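These notes are about the structure you will find just below.
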Amino acid sequence: MSRSLKDKFPDATVIGCSTSGEIVSGSMLKNSVVAMALESDVIAGIAADVIDVTDRKAPSRAIIGLAEKFGSKPLDLNPDQYVGIILIDGLSCAEEWLMEKIGDLVNIPIIGGSAGDDLSFKKTWVYLDGKAYNNAAILALMKPACKFDLIKTQSFIQANKKLTPTEVDEATRKVIEFNDMPAVTAYAKAVGVDEKDVASQFMTHPVGLIADGDPFVRSPQRVDGSSIYFYCQIRNGVDLEVLTSTDIIADTTDVVQKVQKEKGPIKGLINFNCILRTLQLEQEQKTDAYGNIFKNIPTIGFSTYGEEFIGHMNQTSTILIFL
């Protein structure tokens, strides 16, 4: 598919990834392909490269090379004039260190998502100009020809229950203890359920790293004995707040309408929407309502295995808007 798209559009930079569901103007889809063309009135210039996430030096080489294509050094790129899109192998567990490294190298905003595979958790793919890659990320630096904005929206409030990781395996995203208790015991106590029922609470009660009152969500993935695996890296000793879910439809509608009211019509929108948000919408039978939010906006997006906005997070929608 990557090769066919490049063959059809040989003069374009063609990027993409595998997904766990798709979004297009007015609809949430499954088993489909969605595509968006960004023309010269939206993008004045673009440069993209593949980053091998098994090579810790690869991000530096890629970003230096991409910046040179714009006649600049990485740190000299103006964050008001440039933006980056990143697509990462969703099974690589490389998102945290990769986003931290990129953040050290450039000051421009980087937004994106982790590739999915319809919840098979076997192999995910990222694509650039006719080739497909694993254990890799695609980074595209763009110079928009119009105004742009970034949105991070998640539908949670704090439950005023704190969980502090006291024993973790950061490499595997496994929490062994919270609050000096087995992770399952501490989590069950915090959300008020029996230990055998903790997994049923993961979607509606994740945990969050709170920065200036804003939650950066870390979602539990599965129970392993008395431990809990997460979709995001959990750092030892860093306080987390238990979160309670709110209304995804109302929250997203408010955010999009606020942008339109304050900044004018939206030319295009790229939505990196967490698979856990999609699953919640499916459970609540609200996928049509979610798609309907974007029915009058040129929109593309997909259900991700993690979202990128400054860092890596879960149960969030990170959105790039062209105005």
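Among Pro265, Pro144, Pro215, whose mean-square fluctuation peaks in a Gaussian network model of the chain (Cα, cutoff 10 Å)? In the Gaussian network model the winner is Pro265. Ignoring lysines fewer than eight residues from Lys30 along the same chain, the ones with Cα atoms less than 16 angstrom from its Cα are Lys286. By the rule of a C-alpha distance below 28 Å, with chain neighbours fewer than 8 residues away ignored, the lysines paired with Lys162 are Lys152, Lys174, Lys189, Lys196. Heavy-atom accessible surface of region 139-263, averaged per residue, reaches 46 Å², computed with a 1.4 Å probe. Model label points for Ala171 and Asp212, set 7 angstrom from Cα along the Cα-to-Cβ axis, are 3.5 nm apart. If exposed means no more than 11 neighbouring beta carbons inside 10 Å and the site is in a DSSP loop, what's the longest run of the chain without any exposed trypsin sites (Lys or Arg not before Pro)? Longest gap between qualifying sites, sites excluded: 123-294. Computed over the chain with a Gaussian network model linking Cα atoms closer than 10 Å, the most mobile of Met313, Met99, Met181 is Met181. Site pair Gln81 and Met36 shows an inter-label distance of 2.4 nm when each label is modelled 7 Å from Cα along Cα→Cβ. With 24 Å as the limit, the listed pairs Lys57/Lys131; Lys8/Lys122; Lys101/Lys261 have Lys8/Lys122; Lys101/Lys261 beyond it between alpha carbons.
The values are calculated or read from the model by the stated rules, or taken from the named source; none is laboratory data. Small disclaimer: the values here were computed from a predicted structure and weren't measured. All Cβ positions, even for glycine, are placed from backbone atoms using ideal geometry, and neighbour counts span all protein chains on display. Just so you know, the surface numbers come from the protein's heavy atoms only, side chains and all, with ligands and any DNA or RNA stripped out. Shrake-Rupley method; radii C 1.70, N 1.55, O 1.52, S 1.80 Å.
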